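A short worksheet on the structure shown next.
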Amino acid sequence: MNLRVEFHYDFGSPNAYLSHRVLPGIAERTGVEIHYVPVLLGGIFKSTNNRSPMEQFADVLNKPEYRGRTEQTGVSGERDATFSHEARHHRARS
């Protein structure tokens, strides 16, 4: 019996993109079946009276500088993923 993992992702999320990049390798190593489920994260935040981390922690001192540094090097400190803040597509409003 194969295990099935649901990966809920938002097209506009850079974290979802980076996660997607490693999922095929995880599936290959473990034999799990990855089932992609698209979601609108903004709609989830709205329906649960929540805010995105970018909004919620906007006033935290030095947060933008820290976030920019971690996005460039990644959590592990390796520069193995390409990331750009440039929007290539229109974001859906929820």
Handout entry: In segment 1-21, residue surrounded by the most Cβ atoms within 10 Å (Cβ to Cβ) [restricted to those that are more than 12 Å from the chain's Cα centre (by Cα) and not acidic (Asp, Glu)]
Key = Val5
Exercise for the section: Grab the helices (runs of 4 or more DSSP H) fully contained in segment 25-94, keeping just those with 1 or more residues being modelled with pLDDT under 85 and closer than 19 Å to Tyr9 by Cβ. Expected result: 53-56, 63-73
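The values are calculated or read from the model by the stated rules, or taken from the named source; none is laboratory data. Source: prediction; values computed, not measured. We place every Cβ from the backbone using ideal geometry, glycine too, and count neighbours over all the protein chains shown.
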